[in-house]
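Report on the following structure.
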Amino acid sequence: MARKPLMIGNWKMNKTPAESVVLSQGISNRYNRKWDKVGVVLCPPSIDLRPVVTVLDYDKSLIEVGAQNVHWEPSGAFTGEISIPMLKDVGATWCIVGHSERREMFAETDETVNLKVRALVDARLHPIVCVGESLAVRDAGTTIGFVTDQVRAAFAGLEPAEAALAVVAYEPIWAIGTGRTATPEQAQEVCAAIRATLADMFGTETAQSMRILYGGSMKPANVDMFMPCEDIDGGLIGGAALKVEDFTALVEAAGK
Ligand SMILES: O=C(CO)COP(=O)(O)O
């Protein structure tokens, strides 16, 4: 089954609201409607969601917008958190869940990742489920088991049609922000194991329809190594998503 490539920019804690207008406008101006061969999602900080959506709406852009985190409860006493109704109101349709930085620094667990994924699909939003091993796990030779356990935990309790709303991003922690990428063989091996796990949980047809992304120091100079891999359908991009030239070059490469 042909899967449409998908490139997602994770801006992390970068860009003020004013700067987010400049960056999203730069990306939108550069290509705008040419991008129907590649799905594009921008995930700015939550305070930038409104300005970025406004820019893209004004441009009638095909680019979609996502958050970097969400709480699973619709409202309540959760200081500092944002809710799914807030994302829907602002026009965000995607949300990153379980990024390794949140697992490491903000106590995100397999259990809370699953709660977030379930709440997002209940609202018909698209979770971007992040998985990936540390260097210690890779060196111990247990990467496949570790990552597929993360996938099973994140997707527990979902129906196939709900799982199909999500994408999975394989991001080896040792490759994030380090300039050191996985080899295409390493990335393909893990992404194939992720797809096999999804097939086991939800059936082959659903698994074949779902997109699996690679993330970790992806940039214009190395994207062409990853895109031909059978089970890699795009990228979750950090640093290179903060520059118009780099991000648009990545999207173009994914559409080749
Ligand atoms: O964590 C990432 C995207 O979510 C990857 O970040 P870098 O592309 O900066 O390595």
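Please find, among 232, 194, 173, 237, the residue that is under 20 Å from residue 98 (Cα atoms), in contact (Cβ under 8 Å) with a residue 40 or more places away in the chain and touching a Cys at 6+ places or on another chain (Cβ under 6 Å).
Among 232, 194, 173, 237, only 232 is under 20 Å from residue 98 (Cα atoms), in contact (Cβ under 8 Å) with a residue 40 or more places away in the chain and touching a Cys at 6+ places or on another chain (Cβ under 6 Å).
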| query | Do the conditions hold for residue 76, that is, is it touching a helix residue (DSSP H, G or I) at 6+ places or on another chain (Cβ under 7 Å) and not basic (Lys, Arg)? | reply | no
| For residues in region 203-220 being within 11 Å of the ligand (Cβ to nearest atom) and over 11 Å from residue 168 (Cα atoms), which is surrounded by the fewest Cβ atoms within 10 Å (Cβ to Cβ)? | 219
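Test residue 12 against the criterion of being of a type in the set (Lys, Arg) and within 14 Å of the chain's Cα centre (by Cα), and give yes or no.
Judged against the criteria, residue 12 is a match.
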| field | Residues within region 85-108 that are assigned to a helix (DSSP H, G or I), aliphatic (A, V, I, L, M) and either in contact (Cβ under 8 Å) with a residue 60 or more places away in the chain or more than 13 Å from the ligand (Cβ to nearest atom) (or both), tallied | value | 3
| Any residue at all in region 64-72 that is surrounded by fewer than 23 Cβ atoms within 10 Å (Cβ to Cβ) and outside any loop (DSSP other than H, G, I, E, B)? | yes
| Residue check: is residue 122 at pLDDT below 95, out of contact with any Cys (no Cβ under 8 Å at 6 or more places or on another chain) and closer than 27 Å to residue 161 by Cα? | no
| query | Would you pick out the residues in region 221-252 that are farther than 17 Å from residue 2 by Cβ, surrounded by fewer than 22 Cβ atoms within 10 Å (Cβ to Cβ) and away from the ligand (no atom under 12 Å from the Cβ)? | reply | 221, 224, 225, 244, 245, 248, 249, 252
| query | With respect to the numbered conditions (1) more than 15 Å from residue 4 (Cα to Cα); (2) crowded, with 21+ Cβ neighbours inside 10 Å; (3) not hydroxyl-bearing (Ser, Thr, Tyr), which one is the sole condition not fulfilled by residue 200? | reply | (2)
| query | Scanning region 157-178 for residues that are of a type in the set (A, V, I, L, M) and more than 13 Å from residue 127 (Cβ to Cβ), which turns out farthest from the ligand (Cβ to nearest atom)? | reply | 161
| query | Can you tell me how many residues in region 109-136 are within 23 Å of residue 238 (Cα to Cα), of a type in the set (A, V, I, L, M, F, W, C), assigned to a helix (DSSP H, G or I) and touching a strand residue (DSSP E or B) at 6+ places or on another chain (Cβ under 7 Å)? | reply | 3
| remark: By residue number, the members of region 138-156 that are within 16 Å of the ligand (Cβ to nearest atom) and of a type in the set (A, V, I, L, M, F, W, C) are 147, 154
| query | Looking at 133, 104, which one is under 19 Å from residue 216 (Cβ atoms) and either among the basic types (Lys, Arg) or in contact with a helix residue (DSSP H, G or I) (Cβ under 6 Å, 6 or more places away or on another chain) (or both)? | reply | 133
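The values are calculated or read from the model by the stated rules, or taken from the named source; none is laboratory data. What you are looking at is a predicted structure, and each value in this text was computed from that prediction instead of being measured. Cβ coordinates were reconstructed from backbone atoms using ideal geometry, including for glycine residues, and neighbour counts include every protein chain displayed.
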